[in-house]
Every structure is written in structure tokens, then in C-alpha cells.
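The values are calculated or read from the model by the stated rules, or taken from the named source; none is laboratory data. These numbers come from a predicted model, not from an experiment. Cβ: placed from backbone, ideal geometry, glycine included. Neighbour counts: every protein chain shown.
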């Protein structure tokens, strides 16, 4: 492995460790998912804009690119909303364990985006993961709603990674990220202003909510979001998503020590998580083995 590529791998895992704190902050912040994402975007964009100016990069893009970036941003917005909503209606452990499905979703979606047929082993393993999740949630029936949103969030994350891989090879990662985050406002504002809220006032972050949101926007969003797009110029979308599967492990451990009993799950749940992680991490070698047999 080349030194430069090795650096990208270490950098990627540092980002994944940072991502692991995202779910923790999502539970600490008291706002509902849509308002949490709204302020995450509102606070992140100035950080990102200042960073772009500091790097003396231009944010000018063609109209065609702008539309494409904004459309990808819509996927980002829905991904964040479903992810944080999963945490709100269940807990960090449920939401993060469901994200493991993203790797197998990428394995299915990437060939489709390249006009190829998905490999049968990807479909079989994907079904295996979903069946395992279903069985383990049979022991955690009160968290089923959170799991549904968690799996949906994983699918959206996989879709975003596959599409972003195409753009990351030709566009500045900072410019790409800037417009995608603007696009993420579209579904967020749609949910906020089109969903009946009665007489509820628009929440304003105060005290620790403000601290957590600023930390979420700067350390856990602006930096890793831009960095991971740059990393994808040398690493595949699958490699990035595979590394991100360490995020549930980091987050589940952190959540257990930080939140205690509210994150304590049944033994079958942890067995199920272990099986899902095993499938995901063995997937590359299994696919490589069967691909060679069929070639």
C-alpha cells in the first residue's frame, strides 16, 4: 500500500471516530430531528464558508453543477433527519447498528449506477443482514420504529456515497460540500414549515443545546464532511462506507458509558449486532472469492 493511501486510511478512521460522537450529540441535544438538522446546517455553513475563503478557493460552479449538488444535498438532508429521528424514537445503539446496512446497500447500488448487474452475493448478504436485524428487534419490539428510520437512513447514506464518488473525482470537495449542505436545507425547511406545529414556537438553542450544536456543526460536520469527500478521490465509495461501519461500534460503546441504562439492550440484540458486523466485514473477501470463481 502506498504511503499516501495509508495516510488516507488513517485519516478516514479518525473521521469515523468523530462520526461516532454524532449520535451521542444527537441524543444530548433536546430538539426534534428536523430542528436539530436545521441548526446543524445553519451553524455548519458559516464554518465551511470561512474555511473555503481561508483556503482561497472559489465557490463558483456552473448552473448544471449547482442543480446536481443541490439535488444530492436533498438526500443528505433526508439522511440526517431520518438518522436523528431514529435516535429520538429509540436510542443511539439502534440507530447506529442499523447504519451497518449502508455497506451492503452500496454494494447493490454502485453497480446499478455504473449500468452493471449487482452481484448475487451482495443481494444474499443484504437479505441476511435485514433478516438478522428483524430477528434481533423481535426482542426489542419497542424500538422497531427507530430501526425502520435507521435502515432508511442507511439506504440514503449509501445513495449519497455512491453519487458523491462521481462528483469527488472532478470537483473541489469544499465547494461540493458547501452546495450539498445548502441543498440539505430543502427537505428540512419543507418538514418544518409544512408540518402542522400548532402554537409551538420555533425553538432557539440555549445553554448546553447551543454548545452541543456548535460542536456538532464544527468538529463533527464541517471538518469530516469536507475531508471525506476529498478522501474519496483515492478510496472507493465501498471502502469509505466499510470504514464507517466502525462508527456503530464506537458509538454504542460511548453511549453505554455516557447514558447508562437507557442504552442497555438485550443479549440477543448484541448478538445480532455482532452477526451484522461480521457479515459486513467479511463481505469484501466473500465477494472477491466468488467473483474469481465466476470469472
Inset, instruction - Report whether or not residue 151 is at pLDDT 75 or above, assigned to a helix (DSSP H, G or I) and within 18 Å of the chain's Cα centre (by Cα). - result: yes
Inset, instruction - Please state which one of 96, 109 is surrounded by fewer than 24 Cβ atoms within 10 Å (Cβ to Cβ), outside any loop (DSSP other than H, G, I, E, B) and at pLDDT 80 or above. - result: 109
Inset, instruction - Show the residue pairs that are 6+ apart or on different chains and have beta-carbon atoms under 7 Å apart, the first residue being within the range 232-247 and over 24 Å from residue 92 (Cα atoms), the second being modelled with pLDDT under 70 and surrounded by fewer than 18 Cβ atoms within 10 Å (Cβ to Cβ). - result: 233/169; 234/5
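Within the range 157-180, work out how many residues are over 18 Å from residue 44 (Cβ atoms) and in contact with a helix residue (DSSP H, G or I) (Cβ under 8 Å, 6 or more places away or on another chain). Let's see the steps before the verdict.
Of the range 157-180, the ones over 18 Å from residue 44 (Cβ atoms) are 158-159, 161-163, 165-171.
From what is left, the residues that are in contact with a helix residue (DSSP H, G or I) (Cβ under 8 Å, 6 or more places away or on another chain) are 158-159, 161-163, 165-168, 171.
The number of residues fulfilling the criteria is 10.
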Legend entry - Any pair with Cβ under 6 angstrom, 6 or more apart, that starts in the range 87-116 at a residue that is over 23 Å from residue 164 (Cα atoms) and ends at one that is part of a loop (DSSP other than H, G, I, E, B): 93/265
Inset, instruction - Check the range 130-148 and report whether any residue there is touching a residue at least 12 places away in the same chain (Cβ under 8 Å), more than 24 Å from residue 264 (Cα to Cα) and either part of a helix (DSSP H, G or I) or within 19 Å of the chain's Cα centre (by Cα) (or both). - result: no
Inset, instruction - For residue 56, work out the one condition from (1) assigned to a helix (DSSP H, G or I); (2) surrounded by fewer than 20 Cβ atoms within 10 Å (Cβ to Cβ); (3) out of contact with any helix residue (DSSP H, G or I) (no Cβ under 7 Å at 6 or more places or on another chain) it doesn't fulfil. - result: (1)
Inset, instruction - Return the only residue of 281, 259, 269 being modelled with pLDDT of 80 or more and part of a helix (DSSP H, G or I). - result: 259
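So, restricting to helices (runs of 4 or more DSSP H) that lie completely within the range 184-246, which ones have at least 3 residues that are in contact with a helix residue (DSSP H, G or I) (Cβ under 7 Å, 6 or more places away or on another chain), closer than 26 Å to residue 46 by Cβ and at pLDDT 75 or above?
Values: elements: 207-217, 223-231, 237-244.
By residue number, 207-217, 223-231.
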